[in-house]
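Peer 1: A single structure is presented below for examination.
The values are calculated or read from the model by the stated rules, or taken from the named source; none is laboratory data. This structure is a prediction, so every number in the text was calculated from the model and none was measured. A quick note on method: Cβ atoms are made from the backbone with ideal geometry, for glycine too, and the neighbour counts reach across all protein chains shown. With ligands, DNA and RNA removed, areas are computed over all heavy atoms of the protein, side chains included. Shrake-Rupley method; radii C 1.70, N 1.55, O 1.52, S 1.80 Å.
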Amino acid sequence: MNGNAVLDINDLKVSFKVRRAGRKYQVRAVDGVSLSLAEGEVLGIVGESGCGKTTVGRSIVGLVRPDSGSISFKGRDVTGAGLRDMRLNIRMVFQDPYASLNPRRAIGDSVAEAGDINGFFTSRAGRSAAIAAALTAVGLDPSFAARYPYELSGGQRQRAGIARTILPSPSIVIADEPVSALDVSVQAQVLNLMMDLREQLGLSMLFISHDLGVIGRISNRVAVMYMGRIVEQAATRTVLDDPRHPYTRSLVAAIPKPDPSRRILGAIETGEPPSLFKRPSGCAYAPRCPLASDRCLVDVPELRSVDDRALACHNV
Amino acid sequence: MLSVRDLTVSLGPATAPVDIVAGVSFELAKGEILGLVGESGCGKSMTSLAVMGLLPQPGPQIRAGRVLLEGSDVTQLQPWQRVEAGHGRMAMIFQEPMTSLNPVRRIGDQIAEAVRVHDRVSDAPATARARELLELVRMPDPAMQLSAYPHQLSGGQRQRIMIAIALACRPQVLIADEPTTALDVTIQVQVLGLLRELCNRLDMAMLFITHDMGVIAQLADRVSVMYAGRIVETADVAALFGRPRHHYTRGLMDCMPSRNFGARRLPTIAGQPPAPGTVGAGCVFASRCPAVREPCRTADPPRAEVSRGHEVLCAFPLDDGGPR
Ligand SMILES: Nc1ncnc2c1ncn2[C@@H]1O[C@H](COP(=O)(O)OP(=O)(O)O)[C@@H](O)[C@H]1O
Ligand SMILES: Nc1ncnc2c1ncn2[C@@H]1O[C@H](COP(=O)(O)OP(=O)(O)O)[C@@H](O)[C@H]1O
Ligand code: SF4
Ligand code: SF4
Ligand SMILES: [Mg+2]
Ligand SMILES: [Mg+2]
């Protein structure tokens, strides 16, 4: 447990029962993740699709029940809690604003939903004022309250989704790929908005994305996930400028750099993506790893602290 | 090889057409990779479907312009007629391979069928060629994969299968519409590398569509930037990134999150692109352009060649007169 942490996750494990080719499997989507989020901090979580990022986020807000591990908010254990004040204190922003905005409800009603359910508002006027304030905070005119999702552009919908998230004044926002569906010009607008809100509202944020470019922009620290585990964690600049874990190195190298004089095609090896149905017995990254040694095939590397970072690798 | 001239694709009745592609022209030389970049809705897919003769029906129509493949106009021909008439061959791949693959048929059969349609050969040589194609697209363990079903493959492998099927007709031109957009960067880099290698090896030209300037920088020889149905800038990739001349191109580059990490705020392009049918007189970018001047709002900007092979659709190009 960390001194000034608002959120502490300890050895979180989550698995799902899935059916494949007529057989039932238990797949482990999150395999022992520990994280702590400091007050006012933005912690990025990055990794390829399927590595368990969303499942970590959904576990924190209670949408998924973990097998084991604990989650505490300001020192209080809230694991799997449907606690009412938790739902207002830790709020999620989703990639697809359609998922959080009911297409048949006016934007204002969607924005106010958490407040309505939790008896947050004491008067109609107070409710309207709260909606208007939330919309204004995300750069939308209060008149948007009366509009419907189909009338909004992608960027406007994501702003409305953010307004819905911040209305109950949460302490923590879990943002799951919030700009991944947006065009770059709109993406930049929404990223700037999120940075402003973090500052103005004193939010702490877990920012999930598969895009290291986006993560690099907004996060103070980054945790890199592979097959349900954190393999490297450090300050953002450290991860981007000096990645050490072979997987992080590959992720950073594969970013398409907007510079035709630094071409990488054909020059880097990244291997085949893993399958949760065939989890290797040692290091999960071994089948793709250029540094894999015999030990990697049998021993799972633990996350340990090395110099300026945490790292889970036998050979670096 | 491929020459597209003043292509205009419109919706609605001929008396009141709404142009979603408005006078697009580009040339594609043998073996060349032309990147077509722009934000969603700007008309990239409609351009490529019109070139391929695959516009959804009923719906958008080619209202004007020509598509010349090795000098012959193919606008009025169906894709199969193009092959029969010896008009050269084009093939296309898309963002989501699962929509084009049959989920209940083995990969090998699906590739072999494409081979049979094109080569008019029997089963055995078709299967042999299918295997060759899998090797060509660097599929791991090609002999085994012939009997796999699409759902058993990863997203990157499915895209390799789509490329193999496209190559079955030995295309001279491959049109790739955001084929790596749904893939992780680690897999994207492999598929892009494969496409580049195939263009070199088979002397195949490629029109590569993306919204990602990073992908363009990595892959393209030449680039056309599209905005609101128009190509606003075309240049060699080095010239475009070294010295962009259109204000939209510059804006797109500046707002990429992976550029200049140090700065606190990202530069943005204010507002959003106009919806089709809402563009009035003057420059289509005027409502968002940081350098807009009075004439931009009333007169259509000229298309000018600012340097050899570098064209820009702007009355007041960036950085005019003098290097940066
Ligand atoms: N509700 C679920 N039922 C079964 N499998 C799931 C469920 N949610 C996620 N998974 C699986 O768990 C793994 C991790 O998924 P997810 O957390 O969504 O990854 P990410 O967000 O990093 O892409 C994936 O293999 C996914 O298929
Ligand atoms: N089948 C269709 N019928 C009518 N309009 C369409 C159709 N498909 C796309 N459009 C419109 O045409 C414009 C260009 O779309 P598209 O070529 O798909 O853009 P891009 O590929 O650049 O994202 C958009 O405004 C889109 O809404
Ligand atoms: S533990 Fe071994 S296989 Fe895993 S990342 Fe390190 S070197 Fe590679
Ligand atoms: S013509 Fe005018 S409004 Fe259009 S891009 Fe050029 S300077 Fe900007
Ligand atoms: Mg996810
Ligand atoms: Mg498209």
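Peer 1: When a/c is below 1.5 the answer is rounded, else prolate if a/b is larger than b/c, else oblate, so apply that to chain B with a ≥ b ≥ c taken from the square roots of the Cα gyration tensor eigenvalues.
Peer 2: Prolate shape, in that a/c is at least 1.5 and a/b is the bigger ratio.
Peer 1: Could you state how much accessible area is buried at the B-A interface, both sides summed, with a 1.4 Å probe, in Å² to the nearest 100?
Peer 2: 3700
Peer 1: To one decimal place, what Kirkwood hydrodynamic radius in Å is obtained for segment A:198-239 from all pairs of distinct Cα atoms?
Peer 2: Across segment A:198-239, the inverse of the average 1/r is 11.2 Å.
Peer 1: When a/c reaches 1.5 or more, the comparison of a/b and b/c decides; with that in mind, is segment A:144-197 rounded, prolate or oblate per its Cα gyration tensor?
Peer 2: Working: a/c = 1.93, a/b = 1.09, b/c = 1.78.
Taking the square roots of the gyration eigenvalues as a ≥ b ≥ c, segment A:144-197 is oblate.
Peer 1: Just need log10 I(q)/I(0) for segment B:93-169 at q = 0.14, 0.19 Å⁻¹, Debye formula, equal scatterers on the alpha-carbon atoms, no solvent, rounded to two decimals.
Peer 2: Results for segment B:93-169 at q = 0.14, 0.19 Å⁻¹ read -0.36, -0.68.
Peer 1: Given +1 on the Cβ of Lys and Arg, -1 on the Cβ of Asp and Glu, and no further charges, what dipole in debye does segment A:224-316 carry about its Cα centre, rounded to the nearest 20?
Peer 2: Computed about the Cα centre, the dipole is about 200 debye.
Peer 1: Moving to a separate point now. Going from most exposed to least, what order do A:96, B:254 have by accessible area with a 1.4 Å probe?
Peer 2: The residues order as A:96, B:254, largest area first.
Peer 1: Using a probe of 1.4 angstrom, how much of the accessible area of segment A:238-299 is carbon and sulfur, in percent?
Peer 2: Carbon-and-sulfur percentage of accessible area, whole number: 53.
Peer 1: Please give the per residue volume of the convex hull enclosing the alpha carbon atoms of segment A:1-136, rounded to a whole number of Å³.
Peer 2: Expressed per residue, the convex hull around the Cα atoms of segment A:1-136 is 155 Å³.
Peer 1: In peptide B:9-20, how many Cβ atoms from other protein chains are near each Cβ within 10 Å, on average?
Peer 2: 0
Peer 1: Using the Kyte-Doolittle scale, find the helices of chain B whose mean hydropathy is at least -0.5 and whose Cα atoms extend 20 Å or more along the helix's long axis, counting only whole DSSP H runs.
Peer 2: B:185-202
Peer 1: Could you tell me what fraction of 2.2 N^0.38 Å the Cα radius of gyration of the protein assembly as shown comes to, as a two-decimal ratio? Walk me through the numbers before you get to the answer.
Peer 2: Values: Rg = 26.0 Å, N = 640, 2.2 N^0.38 = 25.6 Å.
Relative to the rule-of-thumb radius for its length, the protein assembly as shown sits at 1.01.
Peer 1: When the helices in chain B are scored as -39500 (n - 2.57) per DSSP H run of 4 or longer and the sum is shared across all residues, what 222 nm value do you end up with, to the nearest 500 deg cm²/dmol?
Peer 2: -9000 deg cm²/dmol
Peer 1: For a test of the definition: using alpha carbon positions, the gyration tensor, and the 1.5 limit on a/c, classify segment A:224-316 as rounded, prolate or oblate.
Peer 2: Since a/c reaches 1.5 but b/c is at least a/b, the shape of segment A:224-316 is classed as oblate.
Peer 1: Taking the Cβ-Cβ separation of residue A:65 and residue A:118 as r and a Förster radius of 25 Å, what is the calculated FRET efficiency to the nearest 0.05?
Peer 2: 0.70
Peer 1: Could I ask something else about it? Rounded to whole Å, give me the distance from the Cα center of segment B:1-69 to that of segment B:99-167.
Peer 2: 29
Peer 1: Only Lys, Arg, Asp and Glu count, each charged at its Cβ (+1, +1, -1, -1), so figure out the dipole size of chain A about its Cα centre, rounded to 20 debye.
Peer 2: Dipole of chain A, to the nearest 20 debye: 960 debye.
Peer 1: While we're here: Just tell me how shielded A:236-243 is by partners: mean number of partner chain Cβ atoms within 10 Å of each residue's Cβ, no decimals.
Peer 2: What the average comes to for A:236-243 is 1.
Peer 1: Please get the size of the charge dipole for the protein assembly as shown, origin at its Cα centre, with Cβ charges of +1 on Lys and Arg and -1 on Asp and Glu, quoted in debye to the nearest 20.
Peer 2: In debye, rounded to 20, the protein assembly as shown gives about 1040.
Peer 1: Counting each pair of different Cα atoms once, what's the Kirkwood radius of segment B:252-313 in Å, rounded to one decimal?
Peer 2: One decimal place: 14.0 Å for the Kirkwood radius.
Peer 1: Segment A:158-196 to segment A:271-302: how many Å between their Cα centroids?
Peer 2: If we compute the Cα centre of each part, the gap is 35 Å.
Peer 1: OK, next. Of the DSSP beta bridges with both residues in the protein assembly as shown, give the percent that are antiparallel, rounding to the nearest 5.
Peer 2: 60
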